[in-house]
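Shown next, in structure tokens, is the structure this report addresses.
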């Protein structure tokens, strides 16, 4: 019955496409033109379309889910450092850095394309896997 412990690491990747950006906008209702309107995004400070920051943060959730144990997300502090554009791949690494007791661990989170685009830390519960009743 493994649970996450200090030093455990997990990774996830996400290919950012215009289709994924548009699907994320549909699911969340975030229709900011920076994400969806090429002409408006081209005229912005970003000089083109960018992905929702939370789309990249979603890849953090995927990496956390691959840590040992049954993972329950409790909190996430995140800093968005650089925009992510369609055609880029976000690679996330999460590393357990502290045992907080009561099955809680603090996890360092980093997302990169060709440079770091997101950093932060999460607190998760890492519970022993439940026994299957099948």
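No lab work stands behind these numbers, since they all come straight from the coordinates. Computed from a predicted model, the values in this text were never measured in an experiment. Note that we place each Cβ from the backbone using ideal geometry, even for glycine, and neighbour counts take in every protein chain shown.
Can you pull out the residues in the stretch 83-104 that are outside any strand (DSSP E or B), in contact with a strand residue (DSSP E or B) (Cβ under 9 Å, 6 or more places away or on another chain) and buried (at least 16 other Cβ atoms within 10 Å of the Cβ)?
Just the residues of the stretch 83-104 that are outside any strand (DSSP E or B), to begin with: 83-88, 102-103.
Still in the running and in contact with a strand residue (DSSP E or B) (Cβ under 9 Å, 6 or more places away or on another chain): 83-84, 87-88, 102-103.
Of everything in the stretch 83-104, those that are outside any strand (DSSP E or B), in contact with a strand residue (DSSP E or B) (Cβ under 9 Å, 6 or more places away or on another chain) and buried (at least 16 other Cβ atoms within 10 Å of the Cβ) turn out to be 83, 84, 88, 103.
Screening residue 54 on (1) free of Cβ contacts under 8 Å to residues at least 60 places away in the same chain; (2) within 30 Å of residue 103 (Cα to Cα); (3) touching a helix residue (DSSP H, G or I) at 6+ places or on another chain (Cβ under 6 Å) shows it passes everything except condition (3).
Among the residues of the stretch 58-76, not a single one is in contact with a helix residue (DSSP H, G or I) (Cβ under 7 Å, 6 or more places away or on another chain) and over 25 Å from residue 125 (Cβ atoms). Restricting 49, 40, 20 to those that are without any contact (Cβ under 8 Å) to a residue 40 or more places away in the chain and in contact with a strand residue (DSSP E or B) (Cβ under 9 Å, 6 or more places away or on another chain) reduces the list to 20. If the condition is being farther than 15 Å from residue 80 by Cβ, assigned to a helix (DSSP H, G or I) and under 20 Å from the mean Cα position of the chain (by Cα), then the stretch 25-68 contributes 25, 26, 27, 28, 61, 62, 63, 64, 65.
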